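Chemist: Quick one: the structure is below, questions incoming.
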């Protein structure tokens, strides 16, 4: 009887195991983060990373499911198995690498400074910047940069979403916004009365797919798919749809 | 000695002097915001509750609409409308109102005050209309005017009936204040979020802040128990 039970549970484990293997890969995005991931007029999820994710899944022969997750629950959600990968402009940092497994970086963009027209202060001039309000998205590499270089000089305001931050720039609560360059270009510079200021800042080694540490197989497959896409021109085709310049690494 | 403490604290990643200071500043902001909104809310709620019991619908109607609106919508939505909505009014930046609404503190204070005023109005109104008819008739028989009746009979007894429900409202308000962090205020929750964003240690950052909220709640419960004992001392059995 015992043997039968063990055999049955083994069979069950194999069965569920094989089901799990064919199960879809759930990939999380935080929207809106134009042009990387956002919803178009029809409410469909789209953007550079969404299309790249779809291409990777095709390359990996995997069924994928796209999940929307707010930024500050990204890593906990991944670790809690709510989804299997993050492709939401998550820059590779040593602190994050302690908790998650990163693929090779798949793009790198600088952080850009944006402000209302007529703002003519040099952002690197700490005396002139004194008591100005600078907006960043909480927990991003832009946040780290501003925290390390401008704490105590400027008034740092941290936002949960880029959308809220842009609203406050428009509402004149913020003097300057420091945000991922393409996002700022798309959502701020395109608006009347707003300009890019100063030099953009190169931050870190780029953005990678974040996965759970134990999912080394998935990471290998993702890296292989990325390499193929970068070589066969698919990556470039997707990139050209969204950017006028090169963000490939 | 302080050197020793800071040395000991800096040996771990989460509870460094810097993060503890951040939590402390958050605590000050939370207490400041919650205390002020409760105080102003109570001051507004008392006359509104009395007027809400008036029979004339032109007096009680608008107050009913106010409490219905603020109790019928989530506080988060009210805060968003007041904080982001007001900034979108054309030309607001040129008026003196902008001095008030530019910083997140006053929009948050306004949203919290109006919200707690609406709930408190209904709590006090409920306590007022629960006044036994006999007490009012007795007061009338003594020839007391409406004012005197209110002051000597109705309101003191209503306060006794309202205090337990109001203590809940105070604790809810403390916890609801956590949403102030979505409009860039660094209250307790905002501090915890910043620390979490730096360290990626959600358990440590949020459990610590949860303990601070528990402590604040404990203090509130204690204060309200004292207050209840004081207000309801006539109900205690003899020799206790």
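The values are calculated or read from the model by the stated rules, or taken from the named source; none is laboratory data. Since the model is a prediction, treat every value here as computed from it, not as a measurement. No Cβ is skipped: glycine too gets one built from the backbone with ideal geometry, and neighbour counts run over all protein chains shown.
Chemist: If I ask for residues that are within 12 Å of another protein chain (Cβ to nearest Cβ), in contact with a helix residue (DSSP H, G or I) (Cβ under 8 Å, 6 or more places away or on another chain) and in a loop (DSSP other than H, G, I, E, B), which ones from region A:147-166 would you list?
Modeler: A:160, A:161
Chemist: Determine whether residue B:59 is free of Cβ contacts under 8 Å to residues at least 12 places away in the same chain and either assigned to a helix (DSSP H, G or I) or more than 14 Å from chain A (Cβ to nearest Cβ) (or both).
Modeler: yes
Yes or no, residue by residue, for (1) under 19 Å from the mean Cα position of the chain (by Cα); (2) not assigned by TED's automatic domain parsing to the domain that holds residue A:79:
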residue: A:190; (1), (2): no, yes
residue: A:231; (1), (2): no, no
residue: A:237; (1), (2): no, no
residue: A:249; (1), (2): yes, yes
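Chemist: Mind telling me which of the residues A:127, A:120, A:131 ends up being within 14 Å of another protein chain (Cβ to nearest Cβ) and either modelled with pLDDT of 90 or more or not in a helix (DSSP H, G or I) (or both)?
Modeler: After applying the criteria, what remains is A:131.
Chemist: Moving to a separate point now. So which residues in region A:90-115 are touching a helix residue (DSSP H, G or I) at 6+ places or on another chain (Cβ under 7 Å) and over 24 Å from residue B:203 (Cα atoms), if there are any at all?
Modeler: A:103, A:104, A:106, A:109, A:110, A:111, A:112, A:114, listed by residue number.
Chemist: Residues of region A:89-108 being within 18 Å of residue A:46 (Cα to Cα) and within 14 Å of chain B (Cβ to nearest Cβ), which ones?
Modeler: Once the filter is applied, which keeps residues that are within 18 Å of residue A:46 (Cα to Cα) and within 14 Å of chain B (Cβ to nearest Cβ), region A:89-108 yields only A:90.
Chemist: Further question on the same structure: Residue A:174 versus (1) within 24 Å of residue A:52 (Cα to Cα); (2) within 12 Å of chain B (Cβ to nearest Cβ); (3) crowded, with 23+ Cβ neighbours inside 10 Å: which is the lone unmet condition?
Modeler: Condition not satisfied by residue A:174: (1).
Chemist: All but one of (1) in a helix (DSSP H, G or I); (2) away from chain A (no Cβ under 12 Å) hold for residue B:189; which doesn't?
Modeler: (2)
Chemist: If I filter region B:95-115 down to residues being in contact (Cβ under 8 Å) with a residue 60 or more places away in the chain and within 26 Å of residue A:132 (Cα to Cα), which single residue comes out as nearest to the other protein chains (Cβ to nearest Cβ)?
Modeler: Looking at residues that are in contact (Cβ under 8 Å) with a residue 60 or more places away in the chain and within 26 Å of residue A:132 (Cα to Cα), I get B:104.
Chemist: Please work out if residue A:203 is in contact with a helix residue (DSSP H, G or I) (Cβ under 6 Å, 6 or more places away or on another chain) and either under 21 Å from residue A:87 (Cβ atoms) or assigned by TED's automatic domain parsing to the domain that holds residue A:83 (or both).
Modeler: Numbers: in contact with a helix residue (DSSP H, G or I) (Cβ under 6 Å, 6 or more places away or on another chain): yes; either under 21 Å from residue A:87 (Cβ atoms) or assigned by TED's automatic domain parsing to the domain that holds residue A:83 (or both): yes.
Answer is yes for this residue.
Chemist: May I ask you to verify whether residue A:169 is surrounded by 23 or more Cβ atoms within 10 Å (Cβ to Cβ) and either within 10 Å of chain B (Cβ to nearest Cβ) or touching a strand residue (DSSP E or B) at 6+ places or on another chain (Cβ under 8 Å) (or both)?
Modeler: When the stated conditions are applied, residue A:169 passes them.
Chemist: Right, something else. Restricting to region B:77-94, and then to whatever is surrounded by fewer than 18 Cβ atoms within 10 Å (Cβ to Cβ) and away from chain A (no Cβ under 12 Å), can you tell me which residue is nearest to residue B:168 (Cα to Cα)?
Modeler: B:77
Chemist: Another question, if that's okay. From B:177, B:145, B:181, grab the single residue that is buried (at least 20 other Cβ atoms within 10 Å of the Cβ) and without any contact (Cβ under 8 Å) to a residue 60 or more places away in the chain.
Modeler: The unique qualifying residue is B:181.
Chemist: Same structure again: For region A:76-88, state whether one or more residues are surrounded by fewer than 19 Cβ atoms within 10 Å (Cβ to Cβ), in contact with a strand residue (DSSP E or B) (Cβ under 8 Å, 6 or more places away or on another chain), under 28 Å from residue A:235 (Cα atoms) and within 14 Å of chain B (Cβ to nearest Cβ).
Modeler: Yes, some residue in region A:76-88 is surrounded by fewer than 19 Cβ atoms within 10 Å (Cβ to Cβ), in contact with a strand residue (DSSP E or B) (Cβ under 8 Å, 6 or more places away or on another chain), under 28 Å from residue A:235 (Cα atoms) and within 14 Å of chain B (Cβ to nearest Cβ).
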